[in-house]
Amino acid sequence: ELASAQERLSLGLARLSSTTNITQELEAHLASLQPQIDSKVARSKDIAANLAREKARAEMMQERVVESQAKIDEQTRRTEELKRETKTTLDAAAPELKAAVKAVDKLDKKDVQELRGFQSP
């Protein structure tokens, strides 16, 4: 039984020694990777900061677009209103214009000479 305990103890010490060696190797490997890790962490922070700035800039541009769109919508509304008013006015004046054109077409040379004869037409 003592021999068995001694063998288990010896086996446990061997495993402990092996584990210690593996742990030291992994720590050394991790230490060699640390500059790369630090560099990538710093780069990630820079990218995150740039992303935050770009997001703020995009939001500001979006606000400007919304404001511009509101102005364009208002101008479009005003233009459409002016178009309707102009069409209404033009439609009301069209019959009078046609009548005036007809009256001018009916004038002959004699009528024009008569008008020239007046001092103040």
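The values are calculated or read from the model by the stated rules, or taken from the named source; none is laboratory data. On a predicted model such as this, the values are computed, not experimentally measured, just so you know. When the accessible area is computed, the model is the full protein with side chains, heavy atoms only, and any ligands, DNA or RNA have been set aside. Shrake-Rupley method; radii C 1.70, N 1.55, O 1.52, S 1.80 Å.
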Expected single match for open to solvent by 100 Å² or more (accessible area, probe 1.4 Å), under 23 Å from the mean Cα position of the chain (by Cα) and not small (Gly, Ala, Ser) among 84, 53 is 53
Taking the stretch 87-113 and keeping residues among the charged types (D, E, K, R) and either in a loop (DSSP other than H, G, I, E, B) or open to solvent by 100 Å² or more (accessible area, probe 1.4 Å) (or both) leaves 87, 96, 98, 102, 105, 106, 108, 109, 110
